[in-house]
1. When segment 290-347 is examined, which residues are found to be under 30 Å from D99 (Cβ atoms), of a type in the set (G, A, S) and touching a Leu at 6+ places or on another chain (Cβ under 7 Å)?
2. What's the total number of residues in segment 168-194 that are of a type in the set (A, V, I, L, M) and at pLDDT 90 or above?
3. Can you list residue pairs whose Cβ atoms sit under 6 Å apart, with the first residue in segment 304-316 being more than 20 Å from S273 (Cα to Cα) and the second being charged (D, E, K, R)? Count only pairs 6 or more apart in sequence or on different chains.
4. Show the residue pairs that are 6+ apart or on different chains and have beta-carbon atoms under 9 Å apart, the first residue being within segment 44-69 and touching a residue at least 24 places away in the same chain (Cβ under 8 Å) and within 16 Å of G291 (Cα to Cα), the second being β-branched (V, I, T) and part of a helix (DSSP H, G or I).
5. Quick one: is L287 at pLDDT 95 or above, of a type in the set (A, V, I, L, M) and not in a helix (DSSP H, G or I)?
6. Just to be sure before I move on: is K63 assigned to a loop (DSSP other than H, G, I, E, B) and either surrounded by fewer than 15 Cβ atoms within 10 Å (Cβ to Cβ) or among the acidic types (D, E) (or both) in the structure I sent?
7. Any idea how many residues of segment 73-117 are farther than 17 Å from D146 by Cα and part of a loop (DSSP other than H, G, I, E, B)?
8. Can you confirm whether segment 234-242 contains a residue that is in contact with a helix residue (DSSP H, G or I) (Cβ under 8 Å, 6 or more places away or on another chain), touching a residue at least 60 places away in the same chain (Cβ under 8 Å) and not in a strand (DSSP E or B)?
Amino acid sequence: MSGLEVRKSRACILGVDGTELSNWEKGFFREADPYGFILFARNVENPDQVRALTDQLRDIVGKTNVPILVDQEGGRVMRLKPPHWRKIPAAGVFGELFDSAPEDAREAAYINARLMAADLRDAGFNTTCAPVLDLRFPGMSDVVGDRSYGADVSRVVILASAVAAGLLDGGIAPIIKHIPGHGRASVDSHKDLPIVSASRAELSELDFVPFRQMKDVLAAMSAHLLFTDIDDQRPGTVSKTVIDDVIRDDIGFNNLLISDDLSMEALGGSIASRTHACLTAGCDVALHCNGKRTEMEEVVSMTPLLSGPALERAQTFTNQISGFKTDKPSPTQLTDWQMRLADLLAPVWRAEETGA
């Protein structure tokens, strides 16, 4: 894809209302030309339907490699589910296995990501919002919970790196989240604003480390948290201080920064003001997920075309998608991976069944 194709794109990623595009959506998306799209469970019925929808989104904007995202982590966060798609273990399962067999856990995380990538590619996706790099803190909101690989930095980095590698090898671009760290959230950011009072020094020495060690991943999603020792007025997604001083400088992440969903209740004000605030603070792309017409119109009204460093980062991410090989794993290979994954995870499943 040429730089001119990205240059025409608007700095937003938008959701879709249903299982097929309405006439209004077709015209709106064609004119708005968002940088990408994101699908959710409401958009998913069966493999043929999802593939038709993702193909249609590509056709609408005229770009074969437009980023088409999905939140496919495993466990509680799966938009593609059985019976049509594989059941994916939560990140915490691999963290449990790591306790007794670190290398087996790393291999299992990689194989699981390869299997997940195969499902996503077949459905027409090229990007997933995973892996989660947030640390797990006791007593905090379960908005993260078993979506985290654990409380130990090295464990999180080893397993998340294996997942990122498996996704990339399977032709799916990973988006790490939620930068600079969501593990200390005491409330669910979908419903309220989490306030984190830990000192900046403590955060830098612990929460930020997984992101610092995986800063070369080409895209990250922001965290809607208020870090009182860094910026006591604005959540991370809309804080220039958090983005400039922490994400770009302390962590050293210089790739594509995507906001978390702007329709989440952690952010105050109108959708238009949230969009303006996140882009002004330094997010490269505004993410809006619910597919509601009036809200998407607000997002687009406040979203410029990609330009400058944001354009360069978006181009680099899209070039990664362009470079993926299209070879599909054979049915035998998929079966072998599935059997190997089951063998590797067997000790954890047995422990859960017996209550050990």
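The values are calculated or read from the model by the stated rules, or taken from the named source; none is laboratory data. Computed from a predicted model, the values in this text were never measured in an experiment. Every residue, glycine as well, gets a Cβ built from its backbone with ideal geometry; the counts of neighbours run over all protein chains shown.
1. Answer for segment 290-347, where residues must be under 30 Å from D99 (Cβ atoms), of a type in the set (G, A, S) and touching a Leu at 6+ places or on another chain (Cβ under 7 Å): there is none.
2. Total satisfying the criteria: 6.
3. R313/D284
4. Close Cβ pairs satisfying both conditions: V44/V50; I68/T54.
5. yes
6. no
7. 8
8. Yes, segment 234-242 contains at least one residue that is in contact with a helix residue (DSSP H, G or I) (Cβ under 8 Å, 6 or more places away or on another chain), touching a residue at least 60 places away in the same chain (Cβ under 8 Å) and not in a strand (DSSP E or B).
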